2 protein chains.
Amino acid sequence: MSSSVQRKRIRKSPEARRAEIVATAARVALTEGLECVTLRRVAEELAVRPGLISHYFPSAEDLVAAAFAVAALGELDALLPAERPDGTPAQYLARYFALSSGAAYDDISRLWINARHLSRYRPVLRDVVTRMELASDDRLETLILDGVARGEFRTDDARSAAIQILVVLDGLGAHANSDRTDRPPAVTRLALSTAERALDLPHGTLDAPGATGTLPLAFSPTEAAEAAVASEMAGAAGTPGAAEGTGAGEAVGDA
Amino acid sequence: MSSSVQRKRIRKSPEARRAEIVATAARVALTEGLECVTLRRVAEELAVRPGLISHYFPSAEDLVAAAFAVAALGELDALLPAERPDGTPAQYLARYFALSSGAAYDDISRLWINARHLSRYRPVLRDVVTRMELASDDRLETLILDGVARGEFRTDDARSAAIQILVVLDGLGAHANSDRTDRPPAVTRLALSTAERALDLPHGTLDAPGATGTLPLAFSPTEAAEAAVASEMAGAAGTPGAAEGTGAGEAVGDA
DNA sequence: GATGCTATTGAGTGTGCGACCAATAAGCAA
DNA sequence: TTGCTTATTGGTCGCACACTCAATAGCATC
């Protein structure tokens with residue numbers, strides 16, 4: 001007995017190890033919840049000792065915040081890509097709504113509920129949540145402005161429209177842990193009808209089949225995407241032009 | 001030193017002690033969060049030993065669920081009373097929206113975020129959350145049906161309208177732990193405009209000053225109300241007509 | 001092949017949690 | 001007043017957590 005499962009140390013570069021840790025933490029956060037992002041849990045996942053995680057994240061709160069940042073940004077990119085080469089804004093918006101009503105979206109809803117709750121007690125996480133909310137607002141606002149420029153949408157306040165849509169999506173996602181069968185159609189479509197109203201679109205314009213055109217409905221942020229996301233976070237970390245991050249950003253970014 | 005703060009035991013009837021425990025737990029849940037509803041915390045609050053709390057709630061999860069049930073039902077009664085002797089449905093609905101945008105509502109939003117998240121891991125709490133969601137739906141649906149009967153509202157699906165309104169309120173409340181200044185007016189009014197649309201009301205009908213008539217905007221569920229709520233929970237506890245509750249209800253109700 | 005840097009380990013600290021249980025005493029009934 | 005029921009205590013156990021730090025061993029460099 002007591003066959004030590006691993007006797008050989010594997011020594012990696014700090015950058016590689018840190019990226020690995022954050023990616024693992026993000027995966028745990030998304031599938032099991034931010035409370036499960038513990039030193040022990042992440043260490044076990046990577047087959048290393050908990051002390052090593054502490055070495056890279058002297059404060060566990062930074063790790064949790066980084067995990068959320070990476071997971072949330074990865075999902076945002078999957079749902080509402082920053083680059084949209086393959087279709088019109090209306091098609092991407094329709095795709096967004098289509099994905100948002102799928103079962104895979106439940107994980108993201110759960111993650112956001114989790115983060116919003118936990119941010120009550122954890123200031124570092126709260127900062128990241130705020131930043132991710134702004135990032136979502138920006139992303140959708142940009143899409144809407146693009147659609148307005150092309151004449152697809154009509155609104156005099158793209159940001160307000162974006163926030164209204166996201167608020168409704170938050171409301172629909174709030175029940176991700178409860179049973180939501182027997183929801184009336186008007187409720188299921190609430191995000192769509194809010195968008196249609198805010199963007200002055202005819203009823204049904206954004207409904208899934210057809211409206212997405214040839215856009216792929218695939219929904220799987222890869223690990224590569226998450227790594228890219230991590231470096232993106234590094235850039236966006238601190239308050240404008242500062243070298244000192246706000247904890248999480250710093251945790252993800254520096255090395 | 002070491003003046004034992006309390007040397008004399010105070011022996012109470014099981015009913016009184018249980019009610020006291022649940023009321024305290026509900027207060028802790030509302031002000032500090034459901035994670036703070038621990039045996040030790042509640043015991044300290046009541047100046048008793050933790051073992052006593054265990055005696056009344058052999059499983060801590062039941063205590064948490066009971067705390068949420070009492071807190072949430074108390075708040076529901078304060079926001080959307082079951083009895084409405086002092087005004088019209090429209091006035092009570094306007095009052096509801098007025099209260100829902102006040103700062104005091106943040107505590108309730110936080111509680112719901114908390115419960116929805118925690119219910120991911122705690123089945124007993126999940127049941128209570130589901131029941132409380134249904135109770136909210138029912139309460140608002142009844143109000144709407146009443147308004148329709150009086151000719152104040154117009155809708156062919158009162159429940160759908162109720163759920164739509166509540167979903168939007170959930171979405172707005174989701175950010176109770178983040179910063180929400182600089183929200184566009186269209187977002188702040190989103191619940192109202194959703195209601196106006198769903199109930200076929202002219203714009204502005206439900207806005208706060210004036211629309212509430214002489215209705216008091218006071219918002220303070222008393223301890224007495226919470227006690228009443230506790231006994232109400234006892235009645236609504238089990239699945240229809242059963243003596244055995246589903247854990248939380250049982251915890252609140254039996255004696 | 002030897003050397004130095006440092007990533008990684010192993011062991012330990014302290015805290016807070018739920019759960020358990022025998023001993024104790026409060027207060028009601030005889 | 002006496003006795004009995006049981007509400008309440010006090011103490012303990014095991015677990016999971018974050019955090020600390022000296023010792024160890026990869027691995028790049030010379």
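Key figures
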quantity	calculated
Those chymotrypsin sites (Phe, Trp or Tyr not before Pro) in region B:77-114 that DSSP places in a loop and that have at most 11 other beta carbons within 10 Å	none
Shielded by partner chains, region B:156-177 residues - at least 50 Å² of accessible area, 1.4 Å probe, vs chain alone	B:164, B:167, B:175, B:177
Heavy-atom accessible surface that A and B bury in contact, both chains counted, 1.4 Å, Å² to 100	3100 Å²
Contour minus Cα-Cα distance for residue A:149 and residue A:84 (0.36 nm per residue)	21.9 nm
Virtual paramagnetic centre 7 Å along Cα→Cβ of residue B:182, amide N under 16 Å, in region A:153-184	A:158-164
Peptide B:115-128, shielding by other chains (average Cβ, 10 Å cutoff)	4
Length released on extending from residue B:47 to residue B:32, taking residue separation times 0.36 nm less the Cα-Cα span	3.6 nm
Nearest-first distances (nm) between copies at residue A:157, label 7 Å from Cα via Cβ	2.9
For region A:101-117, 3J(HN,Hα) per residue [Karplus equation, 6.51 cos²θ - 1.76 cosθ + 1.60, θ = phi - 60°, Hz, x = Gly/Pro]	9, x, 5, 5, 5, 4, 4, 5, 4, 4, 4, 5, 4, 3, 5, 5, 6
Shortest-first distances to equivalent copies, position residue B:31, nm, label 7 Å out along Cβ	4.1
Residue A:11-residue B:121 FRET efficiency (beta carbon distance; Förster radius 35 Å; 0.05 resolution)	0.45
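The values are calculated or read from the model by the stated rules, or taken from the named source; none is laboratory data. Computed from a predicted structure; not experimentally measured. Positions of Cβ are generated from backbone atoms using ideal geometry, with glycine treated the same way; all protein chains shown enter the neighbour counts. With ligands, DNA and RNA removed, areas are computed over all heavy atoms of the protein, side chains included. Shrake-Rupley method; radii C 1.70, N 1.55, O 1.52, S 1.80 Å.
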